[in-house]
Amino acid sequence: MVKAASDPDQQEKELIRRIQNGEQEKFYELIQPYERRAYTAAFAVLRNAADAEEVAQEAILKAFANLRQFRAEARFSTWLIQIAVNEARMRRRKDHPEIMQPMGEYEDEEGLYSPREFADWREIPSEALERKEVRELLLEALASLGSKYREVFIMRDIHHLSIEEVADALGISRASVKTRLLRARLMLRDLLAPRVASDWFSRAPFQKGSKPW
Amino acid sequence: MVVSCEQVWQEVSNYLDDEVETSLHSALEDHIRGCPRCTSVVAGTRNVIQLYSNERLFQLPMGFSWRLQRRLADHIRPQRGTVYGWLVAAVALALIAGSIGVANWRAQNPSSRSEMAQRGHGVPANLLVIVSEHSRLFHIKGCPFVHQNDNPHVETAAEAMREGYVPCVRCLGEYVSYVAVNFIKKTWAAV
């Protein structure tokens, strides 16, 4: 009988070991917490929900087929994201070799990015994300980034991977991760600040005595 | 240490991730406190990190998990070595063995060619009989109920019974009775 591991990482390793030893039906239990990450990683590259789903599922099936090659010292989530990113890049090359990269893709990473000057951006209410138009605005801004910035930003600031894990998943240096992350954050700030400052709070729930009916 | 606005912009990401050395951290804070533009940059960048920090921002497409589970089920082969697996194998073996047994039994005990017919008992296996294919009977040579149009042919009683023919109640009934009576007579005489 298998002794239950208390640490979640240990539990995951134990689960992986059991799947590698033949209990394949447990694979969904392993993958379930990471479905969204695989999807988001694919979306970061493809910017299309239908393609991202297909690629994410292919990546998960590929992870299933190659689980025996997974090394215990690596993190499963990073390994899966790496597969999803590679699959998505292959899909992009295959389907749209002609597609022009978004603005910022070929910009010099080393050059100084000068953030735009805005009026102070006030603190964001925590419930802001509950509003659909806010989510759409954030996704739109993210989609407008060049893929190399978008990929790093999603992995680091949405999936909360470490700098090392992002570097491993994307096959780039730590320095490149940091540079791209800085650039992505500043570009998003420049994209969002003017709209947030003007739209966000002015379209917030009705002011007293100003109901439209 | 004194830092410029450009240095703040270069380090804002590391500063917010708390990945700068203590001395640089203090210098950056001093600068930011006194610089409205850098204050705006730092606050805006912090807001960006905070806004995007929620993984729920990306909703999985409706039915994603269900479709994934279906695809996985197609790839996952039944588990080997479990009690369930052995049970399935045992049932399969029993079914195969049963089928073979039934086939053998049917070969040895073919169903009668006539639904109403009774199988012959007591007919000597090596007795040569005349088989009437259409009437599905076999007879003793000379039986008046053998029709020439019936394509009669000769074989042993065992072969005829194996092929599903049944004895003619008239001739073979008399024959069996005759043999039985003779056997009793001989036995009685011997006693």
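The values are calculated or read from the model by the stated rules, or taken from the named source; none is laboratory data. Since the structure is predicted, the reported quantities are computational estimates derived from the model, not experimental observations. We place every Cβ from the backbone using ideal geometry, glycine too, and count neighbours over all the protein chains shown.
For residues in region A:25-50 being at the interface with another protein chain (Cβ under 10 Å from one of its Cβ atoms) and of a type in the set (Phe, Trp, Tyr), which is nearest to A:PHE64 (Cα to Cα)? Only one residue fits best here, namely A:PHE27.
When the residues of region B:159-180 are filtered to those that are surrounded by 15 or more Cβ atoms within 10 Å (Cβ to Cβ) and small (Gly, Ala, Ser), the one that is modelled with the highest pLDDT is B:ALA160. Does A:VAL45 satisfy being buried (at least 20 other Cβ atoms within 10 Å of the Cβ) and either over 20 Å from B:ARG71 (Cα atoms) or free of Cβ contacts under 8 Å to residues at least 12 places away in the same chain (or both)? Yes: the conditions hold for A:VAL45.
Among the residues of region B:38-59, those identified as assigned to a helix (DSSP H, G or I) and within 12 Å of A:ARG37 (Cα to Cα) are B:GLU55, B:ARG56, B:LEU57.
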